[in-house]
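Taking it in order: structure first as structure tokens, then the write-up.
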Amino acid sequence: DHRDLHSFPTRRSSDLNPVYDGRFAASNIEANDFAERFTKFGGLVYGKFNFDGTYNAEGWEPEALLNTLTMSSDALMREGQIRTSGAIQNGLQKLAQLVNDDFDVTQELRNARTKITVENGRVKFDKLQSTLGKIGDVEVSGSYGFDGTLDYSGKILLSEQQTARVLSKDVIGDITGFLGGGRSVKRLSLPLQIGGTIEKPTVSIDYNAIGEQAGKGALDALSGRVKGLLDRQ
């Protein structure tokens, strides 16, 4: 492991209210250790990651430092795992039902990367991108607050294999006779929303996007399965 942290008080500092500016760099840091120390996302992501950035904060007490913290950092994880539970696991199980496949509770993460900023009590992820197991690629932007609130939006880009499962003739039949027909789609993109709180997150995947990409005929052919998924969002 390599860690490098430089911090120094600025000219605005005083004995009553010290102000710190600094930069940091670290490599091969265990993601779950970092998450448990600085966030409420323990037990979710495992693997080694690297980050490099700058920060500033002021005050003596931890609460004051946290409330005034601003940070900007690049983060990268080549290989890791995500262990799902609760709403996230339920969301993946619904997706598994759509593609007629089984997804393990533990999914492999590859090439996870994002820009992280901290400001005004929120931790923001700018285009957090990763390959998620055999499901496909995930891209999410948004933030969570020190108050526990979540506000993320993005998409799941199904792999070519999973897209073929959704649109196979075994699942939707021959849709050439349906109004709107079918379109050749290599990879379906499903909009994703994550909200609620860390304690009670909500996960929503918009399956209606299938109709926009593969045609109304494909969505009609999948209507029974998709309706059941939408009813349980």
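Sort out which residues of segment 12-42 are out of contact with any Phe, Trp or Tyr (no Cβ under 9 Å at 6 or more places or on another chain) and open to solvent by 30 Å² or more (accessible area, probe 1.4 Å), and write them in order of number. Across segment 12-42, the qualifying residues are Arg12, Ser14, Asp15, Asp33, Glu36, Arg37, Phe38, Gly42.
Among the residues of segment 100-118 satisfying the criterion of being farther than 21 Å from Ala26 by Cβ and touching a residue at least 40 places away in the same chain (Cβ under 8 Å), which is most open to solvent (accessible area, probe 1.4 Å)? The selected residue is Asn100. Within this structure, Lys155 passes the test of being assigned to a strand (DSSP E or B), at pLDDT 95 or above and open to solvent by 30 Å² or more (accessible area, probe 1.4 Å). Set side by side, the residues Gln97, Gln81 differ, and just one is open to solvent by 40 Å² or more (accessible area, probe 1.4 Å) and either free of Cβ contacts under 8 Å to residues at least 40 places away in the same chain or assigned to a strand (DSSP E or B) (or both), which is Gln81. Residues that are open to solvent by less than 40 Å² (accessible area, probe 1.4 Å) and not in a strand (DSSP E or B) within segment 121-142 comprise Gly121, Gly133, Ile135, listed in sequence order. Given the criteria open to solvent by less than 60 Å² (accessible area, probe 1.4 Å), over 14 Å from the mean Cα position of the chain (by Cα) and closer than 22 Å to Ile198 by Cβ, does Phe51 qualify? Here the answer is yes, as Phe51 does meet what is asked.
As a summary of the residue check, Leu76 satisfies the conditions (1) of a type in the set (A, V, I, L, M, F, W, C); (2) under 22 Å from Phe24 (Cα atoms); (3) buried (at least 17 other Cβ atoms within 10 Å of the Cβ) except for the one numbered (3).
The values are calculated or read from the model by the stated rules, or taken from the named source; none is laboratory data. No experiment lies behind these values; they were computed from the predicted model shown. Reconstructed Cβ throughout: ideal geometry from the backbone, glycine too, with neighbour counts over all protein chains shown. With ligands, DNA and RNA removed, areas are computed over all heavy atoms of the protein, side chains included. Shrake-Rupley method; radii C 1.70, N 1.55, O 1.52, S 1.80 Å.
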